[in-house]
Amino acid sequence: VQLQASGGGLVQPGGSLRLSCVASGSTVSINTMGWYRQLTGKEREFVAGIRHGGATAYADSVKGRFTISRDSAKNTIYLQMNSLKPEDTAVYYCNAGGLLTSPGRTWGQGTLVTVSS
């Protein structure tokens, strides 16, 4: 399985961005996918996860602001990020094959999100 993430960029505080992650290869085996982020000098942390059946989970820091969704026909997951804060600035990674709140071994390349005025 290969993952290709996109959609990062520069946005002002309070703004929105939508990240996308397309899976290719042996996608039939993927049940759970998710988003993680890594701030400079810190460990990678869980942001949101989604199961094939639609169950979702979020980190407390993003609940009510971020929404994860999945288009199984397109083998794609999305992360809609609203009300962005400077502390959301990080490199965001998509992941496949783990549990709802912990990652599997398959990572996409990161996409940088910068929240700044």
*Would you please list the contacts, defined by Cβ atoms under 8 Å and residues six or more apart or on different chains, that run from a residue in the range 70-93 that is within 20 Å of Ala55 (Cα to Cα) to a residue that is open to solvent by less than 40 Å² (accessible area, probe 1.4 Å) and of a type in the set (Asp, Glu)?*
Met81/Asp88
*without any contact (Cβ under 8 Å) to a residue 12 or more places away in the chain, small (Gly, Ala, Ser) and out of contact with any Asp or Glu (no Cβ under 8 Å at 6 or more places or on another chain): does that describe Gly53?*
yes
*Among the strands (runs of 3 or more DSSP E) confined wholly to the range 41-117, which include 2 or more residues that are open to solvent by less than 40 Å² (accessible area, probe 1.4 Å)?*
45-51, 66-71, 76-81, 90-96, 111-115
*Which of the residues spanning the range 1-26 are under 20 Å from Leu84 (Cβ atoms) and either in a loop (DSSP other than H, G, I, E, B) or among the β-branched types (Val, Ile, Thr) (or both)?*
Gly7, Gly8, Val11, Gln12, Pro13, Gly14, Gly15, Ser16
*Among the residues of the range 1-43, which ones are polar (S, T, N, Q), closer than 15 Å to Val91 by Cβ and out of contact with any Ser or Thr (no Cβ under 8 Å at 6 or more places or on another chain)?*
Gln38, Thr40
_Suppose we filter the range 18-70 for residues that are touching a strand residue (DSSP E or B) at 6+ places or on another chain (Cβ under 8 Å), among the charged types (D, E, K, R) and more than 17 Å from Val113 (Cα to Cα); how many remain?_
2
*asked:* Could you tell me how many of the residues in the range 9-26 are under 17 Å from Val62 (Cα atoms), crowded, with 18+ Cβ neighbours inside 10 Å and under 11 Å from the mean Cα position of the chain (by Cα)?
replied: 1
*the range 101-117 residues that are without any contact (Cβ under 8 Å) to a residue 12 or more places away in the chain, paired with ones that are open to solvent by less than 40 Å² (accessible area, probe 1.4 Å) (beta carbon under 9 Å, 6 or more apart)*: Arg105/Asn95; Arg105/Ala96; Arg105/Gly98
*Output the residues belonging to the range 27-40 that are open to solvent by 60 Å² or more (accessible area, probe 1.4 Å) and in a loop (DSSP other than H, G, I, E, B).*
Asn31, Thr40
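The values are calculated or read from the model by the stated rules, or taken from the named source; none is laboratory data. Just so it is clear, the model here is predicted, and its values are computed rather than measured. Neighbour counts run over all protein chains shown; Cβ positions are idealised from the backbone, glycine included. The protein model used for the area step is the full one, side chains on, heavy atoms only, and it has no ligands, DNA or RNA in it. Shrake-Rupley method; radii C 1.70, N 1.55, O 1.52, S 1.80 Å.
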